[in-house]
Amino acid sequence: MIFTKKRYSVNDLILKKDLNYQKNLDLFLVNYYEKDRFFYWNKKTEKLFSFTDLFIIKKNLRKINQNKNINLICKKKRFYNLDLKLKKGVFIPQYDTEGLVNLVLQNENNKKGFEIGVGSGAIILSILKNSNNKMDGIDISKKAIKLARYNQNKNQLKFKKINLLKKDLFKITKKLNYDFIVANPPYVSFNDSFLTKEAKNIQPKKGLFAKENGLYFYKYLISHNEFFLNRNGIFYFEIGLNQKKYLQKYLLDFKNLSFKFEKDLNNIDRYLVIKKEK
């Protein structure tokens, strides 16, 4: 292939007048080049792209047309003002989870926290970037821990007090003492018929599915609250659709815990906050 010094405008990329093509082009430009789409459309005649750019754009537009996930195509995602690198096999953070980060930041500062299942580092890094908390984070995946450390450096958070470890939650034997614990654990039931095909294809199964109709991680942590939390310590959980009533019933058996459910931007009960009272 011969690469030339010729440069191209966004007009040169519109090979079809197909609206779907233009929509996908918009989507790719915003996610890959990190420029607002209007930046390009307002400069239609300017030569902004090299031949290499043209090759990359056309190649990845074909992938978008095959319904491949835009975040995995670009291998990155913006989350709570962080620039996150993504990798296949590590959970892709969803925008609903920004609400979970908000809840923590509204209530916790200068505290010692713990995240279970750090994935790309989206939650723990967002909290640390916007507070003076100290945090530990674990994940069962070595790839996830490596990626979270990369994203920590990428977002210039090396100075923050954070400890990331490859560890299995269920093999922790030493009593922990945290002021707060945050988790977006696997919460999808193995027989869930509402899970989208895309989610099944792009997310790692270990990050999606859990036993006991998706409630296994919640029940384990709640039942071991004395092991994990300090007095007045708090759990912050993201929960699945229609799980509120089951968790509510389960929590009523724990007299030392108070709890409340919080809604997301779609007015759905998406977050569970549990406080250890004594």
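The values are calculated or read from the model by the stated rules, or taken from the named source; none is laboratory data. Keep in mind the model is a prediction, meaning the values are calculated, not measured. For neighbour counting, all protein chains shown are included, and Cβ atoms are generated from backbone atoms with ideal geometry for every residue, glycine included.
Each row is one residue, and each column tells you yes or no for (1) under 22 Å from Lys275 (Cβ atoms); (2) in contact with a helix residue (DSSP H, G or I) (Cβ under 8 Å, 6 or more places away or on another chain).
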position: Lys68; (1), (2): no, no
position: Cys74; (1), (2): no, yes
position: Tyr95; (1), (2): no, no
position: Gly99; (1), (2): yes, no
position: Ile123; (1), (2): yes, yes
position: Gly137; (1), (2): yes, yes
position: Leu164; (1), (2): no, yes
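Residues that are in a strand (DSSP E or B) and at positive phi within the range 222-278 comprise just one, Asn232.
Of the residues making up the range 169-199, just one is at pLDDT 95 or above and of a type in the set (Asp, Glu), namely Asp179.
Considering only residues in the range 203-216 that are modelled with pLDDT of 75 or more and in contact with a helix residue (DSSP H, G or I) (Cβ under 8 Å, 6 or more places away or on another chain), the one that is surrounded by the fewest Cβ atoms within 10 Å (Cβ to Cβ) turns out to be Glu212. Just to be sure before I move on: is Asp53 in the same structural domain as Leu229 (by TED's automatic domain parsing), touching a residue at least 12 places away in the same chain (Cβ under 8 Å) and more than 26 Å from Lys275 (Cβ to Cβ) in the structure I sent? No, not satisfied.
For first residues located in the range 260-278 and assigned by TED's automatic domain parsing to the domain that holds Glu238 and farther than 28 Å from Phe227 by Cα, partners that are modelled with pLDDT of 95 or more and outside any strand (DSSP E or B) and lie 6+ apart or on another chain with Cβ distances below 6 Å form the pairs Asp264/Gly99. Within the range 222-241, the residues that satisfy the criterion of being closer than 9 Å to Asp179 by Cα and either outside the structural domain of Gly113 (by TED's automatic domain parsing) or surrounded by fewer than 17 Cβ atoms within 10 Å (Cβ to Cβ) (or both) are Asn230, Arg231, Asn232. Scanning the range 77-94 for residues that are surrounded by fewer than 18 Cβ atoms within 10 Å (Cβ to Cβ) and not in a loop (DSSP other than H, G, I, E, B) yields Arg78, Asp83, Lys85.
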